[in-house]
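What follows draws every value from the coordinates through simple rules; no lab data is involved. Everything numeric in this text was worked out from a predicted model, so none of it was measured. A quick note on method: Cβ atoms are made from the backbone with ideal geometry, for glycine too, and the neighbour counts reach across all protein chains shown.
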Amino acid sequence: MAEREISQSRLYEWLTGDEDSRMCRDIADEACQEQPRNFFLHLFAALGNKLADELSSARLVLPWLLGVIGAPLWMVGLLVPIRESGALLPQLFVAGFIRLKPQRKWVWVAGGCLQALAAAMLALLALFGQGGLGGALVLVTLVALSLARGLSSIATKDVLGKTIAKRRRGNLMGWSGSVAGAVTLAAGGALMLFEDRPGELALAVLLGIAAFGWALNALCAARIKETPGAVEGGENAWSSIKLGLRLLRDDRDFLHFNLSRALLLASALALPYVALLGQQQSGTKLGGLGVLIVVSGLAGMVASPVWGKRSDASSRRVLRDSGLGAAACCLLGASIAWLPGEWTATVWPYALVYALLVIVHAGVRLGRKTYLVDMAGQDRRALYVALSNTITGAMMLLVGGATGLLAHWLGTDWLLVMLAAMALAAAASAARLPEVE
């Protein structure tokens, strides 16, 4: 057992570049002693979560599910808003509840188990669902899955802040993103082997594996060694809202961060439109979508460790640089759409832009997570995360709806130009944030 612990510590030190795994900042001494073990549990939990996310994707798998069971077309348009905002909007309301728990990992475990059950329900619907009723049950199940995702999200970040020291969190998330990129690559390769539309059994298998991924996530979370934290200051939902509004009023840096984060939504909003341009060239065949998934996996494998190390040095600069990169990718995608020639009539140039944008978006995600965890003090980290996520969820509904209307009026190419301007504003805002590392 001792030899195993030594090997684990050495592997941890190699992955993080840490010469001494027992040197910690911002966490308790007991947590510091368990840091190498917890690091790998966080890593495998993130792997299960990402595997499940990809195989139940609201942008890819669930639209096929609705199509296979014969659900009305209008239901497809509700998938992404439910998936994203459902996970973010309620978080402020559960922050006070989580605060009352000395060990927050059990909230994480509960969220993982609920997501596993929801994915298993979706697998059953792939086999037995039919028509409008089946589609309605898919949407209801997706609401439950998204709410459980939000529960896990806030608890995960709080447990991360208690178990992994500063200047190691970005590294952990970077390696998690790299491993998750490999999983995405494998999933995309498998999907490319399917016909134009996978059958009910294939979808049920994919969603069953997603359920396994969330079960793995919950199991790893349960095994994390978390020292009990302070429970003072727990709030009910209304008190959390009032406290959150006071934080936005009094903590100007936190308000500034949320403004930058809202503007950085440009990278997330641009991804499906770049993919749409590629789909318009490749038709509805799954091969073109598989190409985008594969390049997404490759880009995630390459980008995440680099962004993770940079985030530990300065997450502010990562936010600034990823905003600039998002603007460049949006302009490049629009330019290709305007250029003549046969080479623009294939999926490949858009796949390249998509890969670059995935790299940039990985920087946005890692930078904002690291910045938020590091800027928030230990006593109010859960509230900061919940409030920021709730604000982002509301902004996603508003900005996402507005971009949909603009895409309808202006076309995808000009929408990308507008998102490029939004990303430039994000870079300018992020450049003025204070350093927190």
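Annotations
- Relative protection proxy for 129-140, 354-365, 386-397, from highest mean packing down: 354-365, 386-397, 129-140 (other beta-carbon atoms within 10 angstrom).
- If R0 is 25 Å, the Cβ-Cβ spacing of Glu200 and Val143 corresponds to a FRET efficiency of close to 0.65.
- Spin-label model, Lys225 to Gln130: label points 7 Å out along the Cα-to-beta-carbon direction sit 5.5 nm apart.
- Protection proxy ranking of 39-51, 149-161 - average other beta-carbon atoms within 10 Å, highest first: 149-161, 39-51
- With the simple model of a label 7 Å out from the Cα in the direction of the Cβ, Leu248 to Trp348 spans 4.8 nm.
- Full-extension gain in nm, His256 to Gln281, via 0.36 nm per residue minus C-alpha separation: 5.0 nm
- Only the Cβ atoms of Lys and Arg (+1) and of Asp and Glu (-1) were treated as charged; on that basis the dipole of segment 289-437 about its Cα centre amounts to roughly 380 debye.
- Scoring 411-417, 118-124 by mean Cβ neighbours within 10 Å over their residues and listing the highest first yields 118-124, 411-417.
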